[in-house]
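Asker: Let me give you the structure first, and then I'll get to my questions.
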Amino acid sequence: MTERTPLPGKKYKFTINIFVLLMVLVIAVQGTYLGYVVGMLTTLEKRFGFSSEKSGWLLSLYDIGHTMAILLIGYIGSHYHLPRITGIGVILSSLSMFMLALPVLFYGTADYTQEQLMQKKEAYAMEMRCDVNSMREISSQGEDCWREHNEHTNAFIILAFGQLFAGIFAAPFNTIAYVYIDSNVKQKRESPFLLGLLTSMYAFGPALGFLLSSILNGVYTTLGDAPDHIGTHDEHWIGAWWLGFLLCGSAYLVLALPFFFFPRTYKHPDSFHLMLEHSRPQVSPEDRLTFKENVELFLREFPMVLKKLLSNKVYITMVIAWMFGSYLIGGYQTYLPKFIETQYGRSASMADIYSGIISVGAIAVSTALGGWILSRYNIAPRSSIICLLGSWVVILVSYIIGMNLGCSQPKVEGLSYVDYADRWHFYHHQEREQQCLEYCNCETILKFDGVSMNGQNFYSPCHAGCTDYDVFSNTWSNCQCVYGNSVEKGLEHPECDIFFAYLAVMMIGLFIGNLFFMVTMMIVLRSVFDEEKVIALSLASFITNLFGFIPAPVIYGFFIDLCCILWNRQCPNERGNCVLYDNDKFSKMFHGVNSFFQIFAILFAGICYWVSKSVKLPEEMPMVEFPESREREYRDEDEE
């Protein structure tokens with residue numbers, strides 16, 4: 001084995017900082033992409049006719065791919081060159097971004113020509129107006145139903161594989177790159193700050209993604225002029241969804257090359273790696289294992305490694321606490337834009353912006369600051385768990401307060417609460433009992449298209465008794481239920497001035513609550529030996545993804561759907577998507593589910609602290625107590 005001269009202190013610190021800077025930028029691009037996909041979901045649904053269920057699958061496929069790869073990457077990372085594996089992951093991630101933009105190459109940028117758009121609007125007017133001549137048959141939604149089930153299947157498949165590959169190829173970013181920094185940092189007290197800096201980018205990045213999606217949603221998909229009389233609020237407006245993927249892919253490519261120039265490990269004079277290597281016999285190149293032998297070794301050792309980690313009580317209890325804590329991101333942060341939009345009547349773009357403010361102002365800043373505090377004051381592992389417990393209690397309190405800071409939902413004509421049935425009822429098929437709707441034939445309207453005037457809300461223009469539609473100004477007039485006046489598109493929400501109080505409570509609560517979130521990763525790394533760190537962090541990510549991030553959207557979506565009081569039925573005999581929620585029930589259900597998972601996170605963090613008091617962590621052991629089996633990491637030093 002070639003002996004390397006230890007790097008001088010200043011040069012060593014400089015090169016480690018360069019690696020950290022590169023990873024900060026890579027994770028910023030990754031986070032931007034993750035936020036961008038969420039921000040562009042509505043545009044993708046409009047462009048390719050996706051149902052909400054398909055959109056949900058697109059989001060989940062990223063986490064599924066990440067979970068599939070994480071353990072394999074962890075094992076490979078224990079044997080091979082960590083920076084190069086990271087660089088390969090960055091290059092392949094760029095290819096997955098370009099794959100996500102491929103549908104624009106196959107199917108074009110726009111769905112309709114200007115002539116087709118005008119025909120579409122005329123058909124919409126026929127479908128939604130007060131049909132005094134009874135010419136409308138039930139549901140002229142056949143085309144939409146056909147598109148939902150048959151059109152753009154290939155586009156969905158391409159996007160699905162792009163999402164899956166993006167999750168697989170990003171596996172090295174939050175595992176082996178973290179271990180490379182933690183294992184090579186000169187002083188262990190610096191590690192929490194550097195890793196906290198990286199982790200904070202998972203909150204900064206999505207905020208940039210929301211901003212990018214807001215900007216590109218305002219750019220027409222062809223990058224030229226939109227058809228006449230089509231504005232950004234028109235249902236036929238398609239933003240330049242594909243451009244963001246190209247930008248993320250290009251950024252990945254630019255950042256990939258430098259990773260191939262970092263050494264496998266830095267050996268500074270007081271390095272633990274150097275001390276341990278000098279205490280071990282050197283291994284000649286002839287003794288290295290072949291590929292077949294490596295596969296056999298993997299099949300033989302991997303189950304034993306997993307068993308050893310799962311029997312590590314400090315490790316597994318903190319991983320479970322981390323898993324329950326992940327519901328803050330996988331559940332609360334995912335559905336926060338929907339909650340703000342429906343609860344406080346904000347537009348979708350403004351809800352994204354406020355969610356980004358919470359991500360940056362609370363979660364990202366506090367995670368970075370918490371890492372600095374842990375490093376600056378060199379807080380011991382057990383003391384840091386107490387800090388984590390205190391901060392998570394603050395999150396729980398903020399959920400309980402936020403539960404009572406909601407607003408009332410808009411009142412829709414014909415929608416009423418039935419006490420004895422404990423359910424909401426809409427007067428479908430009873431519209432003719434209303435004098436202004438007697439001859440409108442509104443029972444044939446399935447699709448929701450809310451309109452309002454002076455605080456009165458209606459399910460559709462037909463339910464407002466409207467007969468005239470201007471295809472150029474996109475407005476309805478001559479509406480009999482509002483005395484022949486015009487109506488505005490969209491529902492009018494009741495006045496509610498409590499939103500900024502909610503924003504302040506959650507920002508303060510999440511800021512304090514995330515100060516010591518890095519403790520979860522710190523304990524995971526400190527509770528195992530150095531050669532186990534990569535696989536330990538990979539297993540922790542695997543468990544967190546499998547039982548946290550992947551099911552979180554499904555679990556939260558199920559409970560949120562229980563709060564729906566009015567569904568948008570796109571097709572006959574189908575429920576469709578929810579257009580109006582019981583806001584009081586939504587607020588309590590949303591924060592109640594969050595509180596439930598947060599209680600379990602606190603419980604297992606407490607168990608971890610109790611268990612840790614009776615065991616000795618690896619960093620607290622003298623060298624003579626280290627097991628003889630801890631040789632593999634140092635056996636495969638660089639051949640160069």
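Asker: What is the set of long-range amide H partners of PHE517 at a cut-off below 5 Å, with H atoms built 1.01 Å from backbone N?
Answerer: none
Asker: Highest mean first, how do 376-382, 164-170 rank when packing is the count of other Cβ atoms within 10 Å averaged over residues?
Answerer: Numbers: 376-382: 14.6, 164-170: 23.9.
Taking the mean over residues of other Cβ atoms within 10 Å, the ranking is 164-170, 376-382.
Asker: Please compare each pair in LYS120/LYS411; LYS489/LYS588; LYS411/LYS585; LYS447/LYS588; LYS120/LYS489 to a cut-off of 23 Å on the Cα-Cα distance and tell me which ones are over it. Spell out each step's value before the answer.
Answerer: Working: LYS120/LYS411 30 Å; LYS489/LYS588 29 Å; LYS411/LYS585 15 Å; LYS447/LYS588 28 Å; LYS120/LYS489 17 Å.
Where the Cα-Cα span goes over 23 Å, the pairs concerned are LYS120/LYS411; LYS489/LYS588; LYS447/LYS588.
Asker: Roll a 1.4 Å probe over the protein heavy atoms and report the accessible area of VAL132 in Å², nearest 10.
Answerer: Rounded to the nearest 10, the figure is 90 Å².
Asker: Still on this model: Long-range amide H contacts for THR475: which residues qualify at under 5 Å (H placed 1.01 Å from N, peptide plane, sequence gap of 5 or more or a different chain)?
Answerer: Those qualifying (amide H under 5 Å, at least 5 residues apart or on another chain) are ASP470.
Asker: Step through the residues of the range 600-610 one at a time and calculate ³J(HN,Hα) from phi using the Karplus curve (6.51 cos²θ - 1.76 cosθ + 1.60, θ = phi - 60°), rounding each to whole Hz and writing x for Gly and Pro.
Answerer: 5, 4, 5, 4, 6, 5, x, 4, 4, 5, 5
Asker: Mind listing the long-range amide H neighbours of CYS578? Cut-off is under 5 Å, sequence gap 5 or more, other chains count too, H placed in the peptide plane at 1.01 Å from N.
Answerer: For CYS578, whose amide H was placed from the backbone, the distant partners under 5 Å are ASN568.
Asker: Residue by residue through the range 375-381, what is 3J(HN,Hα) from phi via Karplus (6.51 cos²θ - 1.76 cosθ + 1.60, θ = phi - 60°)? Round to whole Hz and write x for glycine and proline.
Answerer: Rounded to whole hertz, the list is 6, 5, 9, 6, 5, 5, x.
Asker: Of the listed peptides 495-505, 62-72, what is their order by residue-averaged count of other C-beta atoms within 10 Å, with the highest listed first? Before the final figure, lay out the partial values.
Answerer: Values: 495-505: 14.2, 62-72: 21.5.
Highest to lowest by the protection proxy: 62-72, 495-505.
Asker: Mind listing the phi-derived Karplus ³J(HN,Hα) values for the range 318-327, rounded to whole Hz, using 6.51, -1.76 and 1.60 with θ = phi - 60°, and x for any glycine or proline?
Answerer: Once rounded to whole Hz, the list reads 6, 4, 5, 4, 4, 4, 5, x, 5, 5.
The values are calculated or read from the model by the stated rules, or taken from the named source; none is laboratory data. If you're wondering where the values come from, they're calculated on a predicted model, not measured in any experiment. Please note: Cβ atoms are built from the backbone with ideal geometry, for glycine as well, and neighbour counts cover all protein chains shown. We work out accessible area using only protein heavy atoms, side chains counted, and drop any ligands, DNA or RNA first. Shrake-Rupley method; radii C 1.70, N 1.55, O 1.52, S 1.80 Å.
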